[in-house]
Protein chains: 2
Amino acid sequence: MGLLDLEAAARERWLRRRADPDPQESDASSRSNKYGPHLLTTVFDPAAFVEEAVKKLEQELPGKAVVACSGGVDSSVCAVLAAKAVGDRALSVFVDHGLIRKGERALVERMMSSFHANFKVVDASDEFLAALEGVIEPEQKRKIIGGKFIDVFEREAKPFGATHLVQGTIAPDWIESGGGLRDTIKSHHNVGGLPERMSLKLAEPLRDLYKDEVRKVARFLKLENAERQPFPGPGLAVRCLGELTEEKIEIVRESCAIVEEEIEAAAAAGKCELPWQYFAALLNVRSVGVQGDTRSYGWTVVVRSVGALDGMTAHWSKIPPEVLERISTRITNTMGKRVNRVVYDVTNKPPGTIEWE
Amino acid sequence: MGLLDLEAAARERWLRRRADPDPQESDASSRSNKYGPHLLTTVFDPAAFVEEAVKKLEQELPGKAVVACSGGVDSSVCAVLAAKAVGDRALSVFVDHGLIRKGERALVERMMSSFHANFKVVDASDEFLAALEGVIEPEQKRKIIGGKFIDVFEREAKPFGATHLVQGTIAPDWIESGGGLRDTIKSHHNVGGLPERMSLKLAEPLRDLYKDEVRKVARFLKLENAERQPFPGPGLAVRCLGELTEEKIEIVRESCAIVEEEIEAAAAAGKCELPWQYFAALLNVRSVGVQGDTRSYGWTVVVRSVGALDGMTAHWSKIPPEVLERISTRITNTMGKRVNRVVYDVTNKPPGTIEWE
């Protein structure tokens, strides 16, 4: 099956899923068996997928490989598949680019050591932030970050002797990056940021999967982060609209942590379902406020929370008002005069996207 | 009673109202009678206020006067008080500055003609928009617009032979403009925009009132717009963040009309209470979206709706999600690719203000 066939097949599946969002409850005959062995049965079979993917990786990786590992579910599945396929010939690399979530590095270290995977953390935050100085345009941010990622992986590949890079691209990534017939909506760092000059050969074992299928694989593999919400490859860079500054990154990191805490607590208390994705972004806009009886002119934080099946379409979550109230108050109280306005995104995808940049 | 006494008294009342927001349900003895005849009784008496205000205006206006008439409830009450006090010696002037609400001019003309008030419309939109070209800073916008208003009123005053300007400043306007001891939060056009050079003498019959009291007077006078929501003096200029363009003004005018229609329909259907104020503003920020399978990079509209007693403090309204959904969809559908994102403001005042600029 050629690349174009695969793309056409994936797009067809996507369109069918939009019309019939829950395949488990659908008529079995509507899902044909022409899209590969892991779709032979009516319900996606993670065991069959893992078996086939490991076999493919064994063939694709004759020597050593680095695995791009962000701590998200896609790349963690990749790291495990690569370790299953080639053992210590795979080195998983976590890049701390200064734009990661609060507490992320510790979490990834804990998780990877529980796999006994060959694993390394690279601190490249100065390098990334320097390259992003003064950059405003979202596509440029994504491309710079994608390029820097490749720089780091190539640098790590050399002493390790790797010839390949394994990364967790999934179907919506390349569909939205213009890999198919569509215009470029966003350059996903897994895809759009790849420079022509890259010397490493690419392996993308999840290229044909959607997010819910990746989660099924992660559950099958008993990964700790199987239910973890998606996080963009370019990190907090695309959640700080406009030019990045350390102050803005700090605001958005703290705000994201508050949103996660409050929404997870509300879901645990049965006040709402846990959304597909929920975070904060910092809008590049100031508004007039009043704090302590004096004028303030602070930044605006947007709270985004969506329900989705695969991220290709999404609807904004109906978070209970008292939860939004707590989030809003905690953010403005924590940030003092730097933030005096909190808004909640009530846009579906389309016409919006889940992230803002 | 001097000006400073009045200010101190108004501020004291304001603080008491914050602690005890519904005076009608409060202990009568907690509202003393030292602040003027209209507060002699425990509940504000609009009839007594009108009688006193007309008497005062007769004294203050020995000759002719122009009345700044925006179509809002404050200025309409002023127009009627002035007409009662000095008849045709008062000329109410409505300035169309190109930043008014959809259908506003027709509404004001209809309303004023029903009063048989001496009334005139001045179209000054070119003049205002030219003066605002390239201006970004909110305070500068407010001051330019306030200054232009005075230009127009002085120009109209000359041929009419007026020596005075009557305007509908109310207590929160000058408290927030720094008329008292507080810092300037915002220059209200009634106050902060007044140039030193103004040749007209000022009469402000509502200076000591809060909004709910003005509404009581309006109901007593049987004004059609007694329940109409407040609208800022600088109009849509402070609802288009950043530099003004005709496209942005058009977007915000249409969006405001959609918000008003949907929220008023929801309130009429018993889905929510009618808020104190509800409108849209255009944020000076673009985000990535997907429309018709291609990338869009459109503007963001914020929906603002608050409950309040007097505008000095406010809480964001708990609009039902299905109403927000309708508003969001109508705005993005109507605007096409120009707007791909709608957010809902979940900030109380403080720390935000009701308007964004």
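The values are calculated or read from the model by the stated rules, or taken from the named source; none is laboratory data. What you see is a predicted model, and the numbers here were worked out from it, not measured in a lab. Quick reminder, even Gly has a Cβ in these numbers, built from the backbone with ideal geometry, and neighbours come from all protein chains shown. SASA here: full protein model, heavy atoms, side chains in, ligands and nucleic acids out. Shrake-Rupley method; radii C 1.70, N 1.55, O 1.52, S 1.80 Å.
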Flag for B:Gln229 being at pLDDT 90 or above, of a type outside the set (Gly, Ala, Ser) and within 13 Å of the chain's Cα centre (by Cα): no
Residue check for A:Phe279: of a type in the set (Phe, Trp, Tyr) and over 22 Å from A:Pro321 (Cβ atoms): no
Selection from the range A:233-245 of residues buried (at least 23 other Cβ atoms within 10 Å of the Cβ) and either more than 14 Å from chain B (Cβ to nearest Cβ) or of a type in the set (Lys, Arg) (or both) yields A:Gly233, A:Gly235, A:Leu236, A:Arg239, A:Leu244
May I ask you to verify whether B:Ser92 is more than 22 Å from B:Val259 (Cβ to Cβ) and in a helix (DSSP H, G or I)? no
Test A:Ser305 against the criterion of being more than 8 Å from every other protein chain (Cβ to nearest Cβ), open to solvent by less than 10 Å² (accessible area, probe 1.4 Å) and on the phi < 0 side of the Ramachandran plot, and give yes or no. yes
Could you run through the range A:54-89 and say how many residues are in a helix (DSSP H, G or I) and more than 21 Å from the chain's Cα centre (by Cα)? 14
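To keep it simple, each residue is scored yes or no on (1) under 21 Å from the mean Cα position of the chain (by Cα); (2) within 26 Å of A:Lys141 (Cα to Cα).
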residue	(1), (2)
A:Tyr278	yes, yes
A:Asp310	yes, yes
A:Glu322	no, no
A:Arg338	no, yes
A:Asp345	yes, yes
Screening B:Lys102, B:Lys84, B:Lys64, B:Lys55 for residues that are in contact with a strand residue (DSSP E or B) (Cβ under 7 Å, 6 or more places away or on another chain) and open to solvent by 10 Å² or more (accessible area, probe 1.4 Å) leaves only B:Lys64
Facing chain A (nearest Cβ under 8 Å) and hydroxyl-bearing (Ser, Thr, Tyr), is that true of B:Thr313? no
Looking at the range A:95-135, which of its residues are among the small types (Gly, Ala, Ser) and part of a loop (DSSP other than H, G, I, E, B)? A:Gly98, A:Gly103, A:Ala117, A:Ala124, A:Gly134
How about the range B:246-284: which of its residues are open to solvent by 10 Å² or more (accessible area, probe 1.4 Å) and at the interface with another protein chain (Cβ under 8 Å from one of its Cβ atoms)? B:Asn284
Does at least one position in the range B:125-143 carry a residue that is modelled with pLDDT of 95 or more and buried (at least 19 other Cβ atoms within 10 Å of the Cβ)? yes
Can you tell me which of (1) facing chain A (nearest Cβ under 8 Å); (2) of a type outside the set (Ser, Thr, Tyr); (3) out of contact with any Lys or Arg (no Cβ under 8 Å at 6 or more places or on another chain) is the one B:Ile331 doesn't meet? (1)
Return yes or no: is B:Glu204 open to solvent by 30 Å² or more (accessible area, probe 1.4 Å), within 23 Å of B:Gln277 (Cβ to Cβ) and modelled with pLDDT of 80 or more? yes
For A:Trp299, the lone unmet condition from (1) at pLDDT 95 or above; (2) among the aromatic types (Phe, Trp, Tyr); (3) farther than 16 Å from B:Thr300 by Cα; (4) open to solvent by 10 Å² or more (accessible area, probe 1.4 Å) is (3)
The conditions are (1) free of Cβ contacts under 8 Å to residues at least 60 places away in the same chain; (2) closer than 23 Å to B:Cys240 by Cβ, and B:Gly146 fails exactly one of them. Which is it? (1)
Flagged in the range A:316-328 as at the interface with chain B (Cβ under 7 Å from one of its Cβ atoms) and crowded, with 24+ Cβ neighbours inside 10 Å, in numbering order, are A:Ser328
